[in-house]
Amino acid sequence: MDILSLIGLLFGLVAILGGVIAKGSSVEALWNLAAFLIVVIGTLGATLVQTRVPVFIHAFRMFPWVFKPPRLEPKRMIKHVVDWSHISRKEGLLGLEERSDKEPDPFVRKGLQLLVDGAEPQTLRQVLESDLDNSESFDLQGARVFESMGIYSPTLGIIGAVMGLMAVMQNLAEPSKLGQGIAAAFVATIYGVGLANLFFLPVSNKLKSIVQARVNYQTMLLEGLIAIAEGENPRNIENKLNGFIQG
């Protein structure tokens with residue numbers, strides 16, 4: 001569980017609600033159905049127009065990563081790669097077939113199967129790098145869905161505010177309604193800017209950082225498998241892969 005994401009969202013919520021109360025207003029003043037429809041539904045609609053269905057679905061499948069990112073254990077994987085290297089030197093590459101069948105990660109399983117099949121190092125690199133590039137591209141497209149929402153929502157907030165002010169202008173003959181009407185109009189701006197800067201853009205950036213960490217992890221694995229195919233010494237493989245560990 002990524003506790004920082006939870007704390008960050010909580011701080012953002014406290015900042016908005018606490019600020020409203022500190023300014024002498026009420027929490028109820030932040031609720032406006034019309035503003036919600038304009039900003040949230042409008043942002044969703046604009047995002048749907050520019051996004052392919054598979055990418056949109058993938059984006060929301062990725063969203064839980066913000067709170068529970070995929071588990072990456074580079075040190076544990078390095079140990080596995082070194083063990084595989086020892087096995088290949090003692091039993092040959094066919095000795096890895098049993099490990100390949102039991103491996104749950106599709107990327108790892110495919111790499112091991114290529115080793116077992118006797119793929120040349122260059123072929124191994126081309127196949128795995130192609131898979132890695134395609135996976136990274138698709139994941140980044142998913143992350144950019146939230147970035148797009150963060151771009152559109154402030155603009156929809158301004159549109160909501162203008163529409164609210166238009167409604168206020170129609171009631172100039174009733175001064176008692178002007179203050180409440182203007183306040184309600186600017187709620188849309190709060191929705192738009194607040195959602196963009198406290199939710200959509202941070203979520204997008206968090207997902208991008210997770211994707212980059214996964215790419216680094218899989219690149220490390222790729223280099224380890226290629227080193228095994230080239231028959232490198234297990235100690236040298238371990239030293240090379242340790243250079244990928246961050247933090």
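The values are calculated or read from the model by the stated rules, or taken from the named source; none is laboratory data. Since the model is a prediction, treat every value here as computed from it, not as a measurement. Glycine also receives a Cβ, built like all others from the backbone with ideal geometry; neighbour counts cover every protein chain displayed. Side chains included, ligands, DNA and RNA excluded: accessible areas come from the protein's heavy atoms. Shrake-Rupley method; radii C 1.70, N 1.55, O 1.52, S 1.80 Å.
Points to keep in mind about this one:
- Just one of the numbered conditions (1) at pLDDT below 90; (2) open to solvent by 40 Å² or more (accessible area, probe 1.4 Å); (3) within 30 Å of G157 (Cα to Cα); (4) in contact with a helix residue (DSSP H, G or I) (Cβ under 7 Å, 6 or more places away or on another chain) is not true of L93: (3).
- Test result for G95, over 27 Å from V215 (Cβ atoms), outside any helix (DSSP H, G or I) and out of contact with any His (no Cβ under 7 Å at 6 or more places or on another chain): no
- Verdict on I210 being closer than 30 Å to D2 by Cα, under 25 Å from the mean Cα position of the chain (by Cα) and surrounded by fewer than 16 Cβ atoms within 10 Å (Cβ to Cβ): no
- Hits in the stretch 108-156 - residues which are open to solvent by less than 20 Å² (accessible area, probe 1.4 Å) and either in contact with a Pro (Cβ under 8 Å, 6 or more places away or on another chain) or over 30 Å from I38 (Cβ atoms) (or both): V108, G111, L112, L115, V116, L124, L128, L132, D139
- Members of the stretch 42-59 found to be part of a helix (DSSP H, G or I) and either open to solvent by 90 Å² or more (accessible area, probe 1.4 Å) or in contact with an Asp or Glu (Cβ under 6 Å, 6 or more places away or on another chain) (or both), listed by number: V49, Q50, V53
- Residue in the stretch 226-234 that is touching an Asp or Glu at 6+ places or on another chain (Cβ under 7 Å) and either in contact (Cβ under 8 Å) with a residue 12 or more places away in the chain or at negative phi (or both) present: no
- Looking only at residues in the stretch 47-90 that are modelled with pLDDT under 95 and small (G, A, S), the one that is nearest to E232 (Cα to Cα) is S85.
- Boolean, R89 is under 32 Å from the mean Cα position of the chain (by Cα), assigned to a helix (DSSP H, G or I) and at negative phi: no
- Some residue of the stretch 8-21 being surrounded by 11 or more Cβ atoms within 10 Å (Cβ to Cβ), of a type outside the set (V, I, T) and not in a helix (DSSP H, G or I): no
- Residue match in the stretch 27-45 (condition: more than 30 Å from I237 (Cβ to Cβ), in the same structural domain as I237 (by the TED database) and hydroxyl-bearing (S, T, Y)): yes
- Some residue of the stretch 100-107 being assigned by the TED database to the domain that holds F36, surrounded by 15 or more Cβ atoms within 10 Å (Cβ to Cβ) and either in a helix (DSSP H, G or I) or over 31 Å from the mean Cα position of the chain (by Cα) (or both): yes
- Taken together, A173, A185 contain a single residue that is touching a residue at least 12 places away in the same chain (Cβ under 8 Å) and either over 30 Å from E129 (Cβ atoms) or not β-branched (V, I, T) (or both), which is A185.
- Scoring H86 on the criteria (1) surrounded by 15 or more Cβ atoms within 10 Å (Cβ to Cβ); (2) touching a residue at least 60 places away in the same chain (Cβ under 8 Å); (3) not aromatic (F, W, Y) leaves a single failure, condition (1).
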